[in-house]
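The values are calculated or read from the model by the stated rules, or taken from the named source; none is laboratory data. In this text the structure is predicted, and so the values were computed from the model without any measurement. Backbone-built Cβ (ideal geometry, glycine too); neighbour counts: all protein chains shown.
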Amino acid sequence: MAKRGRGRVAGAAEPGVVDVPKGSRPAGPVAGVYYIDTGDCELIPDQDNSTGWLLRINGVMSSHIDLADPLFLDFEYMRWISALVESRWPRESKPKLRALHLGGGACSLARYFHAAYPDARQVVVELDGKLADYVRGWFDLPKAPLLRLRVGEAREVTESLTPQTRDLIIRDVFAGSLTPRPLTTREFTEHAKRVLAPGGVYVVNSGDAPDLKNAREDAATIADAFAYTVLIADPAMLKGRRYGNMIMAGSDLPFDDDPGLARRLLGGAVPAHIWNDEKVRAFAAGAAVRHDPAGQASAPGPSEPPQPSTAP
């Protein structure tokens, strides 16, 4: 990760750093390090794909984009999310999906859903305004109203939204290896539930270490708020053998036992299992339901600022 040096001359680029004139936007991706509002990010060509790009934010690999194919998702956890969403809303039904993405990165999933559901209306909430501006210039994203990038803090934005105005909310915000706590509490989850329309789905990317403490608390909190839950992860993660990602979701309607979804999850490069509501609640048994600290304001305080990166 590049660091700003005390002796850096204004207007002079450090080795590997791309200087973008103030007020301008890059016209397509250029490899290098870019300074953003929350630190720096690095745009890296995919050595295995001539039209692919990787985005690293503050030292953490965040996103992958294939400029030629928005339906290609390189990160396995994103493929699990897309499979779950398409099980609830089959593409052939051409739903006018209303999606809210908490955590921007390179907008990989937003590009995917735009291609899968051309009538979808999506909002991506990104904390870092400079990063959002770069991503717009690098990746030629769909224009508003199909896809809007909203600069802001994820909890504040969610709390400001009108009830029952979204079908899908995806929480994919990380500070280091974990999601900032204010975005994981029962109170925040209730805000997300309030914004969802009947039958809507709240999806979270939960990162954890082998002890699975964080994942169990995520599961317990979502299960406390929603009538129905589901969990997707690879067997090694479910058995606590490595650090990785679990996808969890909650809804007011049951998640159907979809054999097509189960086959799709098993057929990926990293085969995954899906757990129904009964298994999720058994997994979460005894784990704490997270709550906001007593007297805490609705938005996160300065002691734990959220970061805009997404974890692979």
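So that you can scan it fast, the table gives a plain yes or no per residue for (1) modelled with pLDDT of 95 or more; (2) in contact with a strand residue (DSSP E or B) (Cβ under 7 Å, 6 or more places away or on another chain); (3) not hydrophobic (A, V, I, L, M, F, W, C):
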residue: 95; (1), (2), (3): no, no, yes
residue: 118; (1), (2), (3): yes, no, yes
residue: 122; (1), (2), (3): yes, yes, yes
residue: 161; (1), (2), (3): yes, no, no
residue: 166; (1), (2), (3): yes, yes, yes
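Scanning the stretch 91-112 for residues that are assigned to a helix (DSSP H, G or I), without any contact (Cβ under 8 Å) to a residue 40 or more places away in the chain and either buried (at least 19 other Cβ atoms within 10 Å of the Cβ) or not polar (S, T, N, Q) (or both) gives 91, 92, 110.
Closer than 28 Å to residue 233 by Cβ and not in a strand (DSSP E or B): is that true of residue 130 in this structure? Judged against the criteria, residue 130 is not a match. Listed by first and then second residue, the pairs with beta-carbon distance under 6 Å, at least 6 apart or on different chains, first residue in the stretch 146-172 and under 23 Å from residue 117 (Cα atoms), second part of a loop (DSSP other than H, G, I, E, B) and hydroxyl-bearing (Ser, Thr, Tyr), are 172/310. Please determine, by comparing only the residues of the stretch 66-85 that are in contact (Cβ under 8 Å) with a residue 60 or more places away in the chain and out of contact with any Gly (no Cβ under 7 Å at 6 or more places or on another chain), which one is nearest to residue 200 (Cα to Cα). Among those residues, the one meeting the criterion is 85.
Based on what the data block shows, is residue 113 at pLDDT below 95 and within 14 Å of the chain's Cα centre (by Cα)? Before you say what the answer is, go through the steps one by one.
Working: at pLDDT below 95: no; within 14 Å of the chain's Cα centre (by Cα): yes.
Answer is no for this residue.
When the stretch 117-145 is limited to residues that are more than 19 Å from the chain's Cα centre (by Cα) and without any contact (Cβ under 8 Å) to a residue 60 or more places away in the chain, the one that is farthest from residue 41 (Cα to Cα) turns out to be 119.
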